[in-house]
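Everything below concerns the one structure shown next.
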Amino acid sequence: MKYLKSTKVLTLCVLVSMLIGFFIGLSYERKQNIGVAVNLDAQEKCAKQAAQEFNRLGYTIEEDWQLRNHYNKKLNKCFAEIYGTHLQELNQKFYTNRLIIDAFEGKTYADFLCPTSDGGCASTTVYICKVLDKKCVSEEEFEKLIKPLMEN
């Protein structure tokens, strides 16, 4: 009799544990789905705001400017990267320019400018290369410094 009673208690404990595990699993899955939905919503808002900021600043796709947006979940920031190659009419030279701004606050996080030849920087001459408070001397260094901003 004692054996049957302890078996019933053990069976009941196992069933309760399984039910608790099941509900914890459901709760975790639900939180993950909510997190994905919130992240997608943030990305959508970021894309919309980046496009508005691009236009507000006077950039146009027709003038060979391009826009990339990125929502950085870790920093909770929406970045707009505006980049392109343009002809400076004063000296008839082409320049590559990249600008990374917070699309909501308008704060500049990174700026890069160099003379251009065949789609890249023409020489080691870089006129502007700055990410936050750090100065840089090459496009390669610029890429390394902006990486944490453009990751999740």
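The values are calculated or read from the model by the stated rules, or taken from the named source; none is laboratory data. Keep in mind that what you see is a predicted model, and the values were worked out from it rather than measured. Backbone-built Cβ (ideal geometry, glycine too); neighbour counts: all protein chains shown.
Just one of the numbered conditions (1) in a helix (DSSP H, G or I); (2) more than 27 Å from Gln52 (Cβ to Cβ); (3) of a type outside the set (Ser, Thr, Tyr) is not true of Leu145; which one?
Condition (2) is where Leu145 drops out.
Look at the stretch 40-96 and say how many of its residues are among the polar types (S, T, N, Q), surrounded by 17 or more Cβ atoms within 10 Å (Cβ to Cβ) and under 28 Å from Thr125 (Cβ atoms).
Here the count works out to 1.
Do you know which residues across the stretch 98-119 are under 22 Å from Leu149 (Cβ atoms) and in contact (Cβ under 8 Å) with a residue 24 or more places away in the chain?
Listed by number, the residues that qualify are Arg98, Ile100, Ile101, Asp102, Ala103, Phe104, Gly106, Tyr109, Ala110, Phe112, Cys114.
Could you figure out which of (1) farther than 30 Å from Asn39 by Cβ; (2) in contact (Cβ under 8 Å) with a residue 60 or more places away in the chain; (3) not acidic (Asp, Glu) isn't true of Lys77?
Of (1) farther than 30 Å from Asn39 by Cβ; (2) in contact (Cβ under 8 Å) with a residue 60 or more places away in the chain; (3) not acidic (Asp, Glu), only one is false for Lys77: (1).
Here is a list of conditions, (1) under 20 Å from the mean Cα position of the chain (by Cα); (2) at pLDDT below 95, and Ile82 meets all of them except one; can you say which number that is?
(2)
Restricting to the stretch 92-116, name every residue that is at pLDDT 90 or above and aromatic (Phe, Trp, Tyr).
Phe104, Tyr109, Phe112 - these are the residues of the stretch 92-116 that are at pLDDT 90 or above and aromatic (Phe, Trp, Tyr).
Do any strands (runs of 3 or more DSSP E) entirely within the stretch 41-139 hold 2 or more residues that are touching a Leu at 6+ places or on another chain (Cβ under 9 Å), of a type in the set (A, V, I, L, M) and within 17 Å of Asn152 (Cα to Cα), and if so, which?
Answer list for the stretch 41-139: 93-102.
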